[in-house]
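The values are calculated or read from the model by the stated rules, or taken from the named source; none is laboratory data. Since this is a predicted model, take the numbers as computed values, not measurements. Backbone-built Cβ (ideal geometry, glycine too); neighbour counts: all protein chains shown. What goes into the accessible areas is simple: the full protein's heavy atoms, side chains included, and nothing from ligands, DNA or RNA. Shrake-Rupley method; radii C 1.70, N 1.55, O 1.52, S 1.80 Å.
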Amino acid sequence: MVLGAGLAGLSSALMLAKGGVDVTVIESHTDWDVVGAGLTISGPSFRAIEALGILKDVSEQGHTHPGIKVHDHEGRYLKTLTSPGIQSQSGDALPGAGGILRSTLHQILLTHLNGLGVQVQMGLSCQSLVQVASNKDRSVCAEVKLNDGRELEFDAVVVAEGLFSSSRQALFPASSAPTFTGQACWRMVLPRPRQVDHRFFYLGGSVKVGLTPVSDQQMYLFLLETLAQKPKRDASELHFILKNLLAEFNGELRDIAEALYPESNIVYRPLEAHLLKEPWHKGAVVLVGDAAHATTPQLASGAAMAMEDGIVLAQEFVGATHVGQAFERYFARRFERCKMVVEN
């Protein structure tokens with residue numbers, strides 16, 4: 001069973017199903033109102049996307065570009081930084097950079113999973129997770145109690161519940177809680193002017209800000225704000241605050257700031273991070289994605305790490321002699337890489 005149908009959960013389910021594993025996926029939400037805006041895609045992210053078998057869909061429905069065009073805070077072009085491409089499995093060069101709407105990437109993964117005959121069961125969540133002796137052999141399996149009252153037994157459970165995973169808290173009660181990083185992230189999807197054909201960075205202001213194309217018609221604004229503490233902000237005030245944060249910039253950013261209004265669809269999130277430093281598995285249960293290693297967007301690798309988790313977990317699960325061996329090998333391959341991303 002996979003608990004959670006975000007990017008980590010869907011990637012894990014897709015790769016396990018491709019490996020011939022019988023997969024059940026549940027999601028606590030009752031609809032696909034995916035929270036978030038756009039995602040920046042780096043070279044390693046494209047490598048994971050290719051391994052998932054969704055490169056063609058992402059390239060067609062998202063946007064690929066050679067790298068970053070750097071501007072000063074007045075909007076004046078300074079330099080293009082080309083992102084080095086990574087070689088694909090077939091030997092061809094993958095795109096160096098790109099972008100896609102989170103909802104689009106989510107739907108691509110969901111479509112491919114459905115194509116394998118796996119349907120996500122909506123409105124279901126895990127109420128309790130208990131390790132029990134397996135009826136099949138002497139190994140341990142997991143008994144899951146769902147919010148609809150059913151109690152089901154699985155050979156393995158993949159926890160993909162995100163940063164505030166209740167299953168992680170139950171399995172690892174002594175682990176540290178997610179920590180506020182001192183930053184908040186603002187995102188907003190906008191129509192894409194023709195000149196925004198690369199990722200744009202604007203340097204020299206007091207905040208980190210840029211634009212990423214995510215399709216032929218759209219881009220998203222990203223802005224990172226430094227904060228001494230996590231503030232409570234009313235949704236009705238977000239457009240005023242974002243307008244002030246953009247006030248020192250000209251060019252495309254000035255046009256965006258002047259067009260902000262109370263109904264602007266702004267996604268605002270204080271950034272919290274977490275790294276589970278003990279093994280991400282216990283018995284028949286394993287953690288993937290933000291449930292194990294939640295990071296901030298500076299390296300544009302959070303989604304990539306989630307997708308890589310699913311790929312590596314499936315590789316080890318299909319090739320292992322027992323579940324415990326698969327989880328141990330998965331953790332051994334993933335911990336240092338994810339730790340590097342979270343800490344940097």
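For this structure, a couple of remarks:
- The residues listed here are GLY289, GLY319, GLY324; of these, the one that is open to solvent by less than 10 Å² (accessible area, probe 1.4 Å) and not β-branched (Val, Ile, Thr) is GLY289.
- Condition check for GLU343 on (1) acidic (Asp, Glu); (2) modelled with pLDDT under 95; (3) in contact with a Lys or Arg (Cβ under 7 Å, 6 or more places away or on another chain): one failure, at (3).
- Test for LEU124: is it in contact (Cβ under 8 Å) with a residue 60 or more places away in the chain, over 30 Å from PHE46 (Cβ atoms), touching a Cys at 6+ places or on another chain (Cβ under 9 Å) and open to solvent by less than 50 Å² (accessible area, probe 1.4 Å): no
- Only listed residue being β-branched (Val, Ile, Thr) and at pLDDT below 95, chosen from ILE86, ILE100: ILE86
- Of the set (1) more than 18 Å from the chain's Cα centre (by Cα); (2) open to solvent by 20 Å² or more (accessible area, probe 1.4 Å); (3) over 16 Å from GLY98 (Cβ atoms), all apply to HIS29 but (1).
- Qualifying residue in segment 142-151 (condition: within 23 Å of GLU328 (Cα to Cα), touching a strand residue (DSSP E or B) at 6+ places or on another chain (Cβ under 8 Å), open to solvent by less than 20 Å² (accessible area, probe 1.4 Å) and assigned to a loop (DSSP other than H, G, I, E, B)): no
- Test result for LEU163, under 30 Å from GLY67 (Cα atoms), touching a residue at least 40 places away in the same chain (Cβ under 8 Å) and either in contact with a helix residue (DSSP H, G or I) (Cβ under 6 Å, 6 or more places away or on another chain) or part of a strand (DSSP E or B) (or both): yes
- Which numbered condition ALA160 misses (of (1) more than 20 Å from the chain's Cα centre (by Cα); (2) open to solvent by 10 Å² or more (accessible area, probe 1.4 Å); (3) among the small types (Gly, Ala, Ser)): (1)
- Among residues of segment 226-249, those that are open to solvent by less than 80 Å² (accessible area, probe 1.4 Å), under 25 Å from the mean Cα position of the chain (by Cα) and at pLDDT below 95, counted: 4
- Only one entry of LEU276, LEU245, LEU271, LEU238 meets the criterion of being in contact with an Asp or Glu (Cβ under 7 Å, 6 or more places away or on another chain) and in contact (Cβ under 8 Å) with a residue 12 or more places away in the chain, and that entry is LEU245.
- A search for C-beta distances below 9 Å between a residue of segment 35-52 that is closer than 15 Å to ILE108 by Cα and open to solvent by less than 10 Å² (accessible area, probe 1.4 Å) and any residue that is of a type in the set (D, E, K, R) and in a strand (DSSP E or B), counting only pairs 6+ apart in sequence or on different chains, returns GLY38/ARG187.
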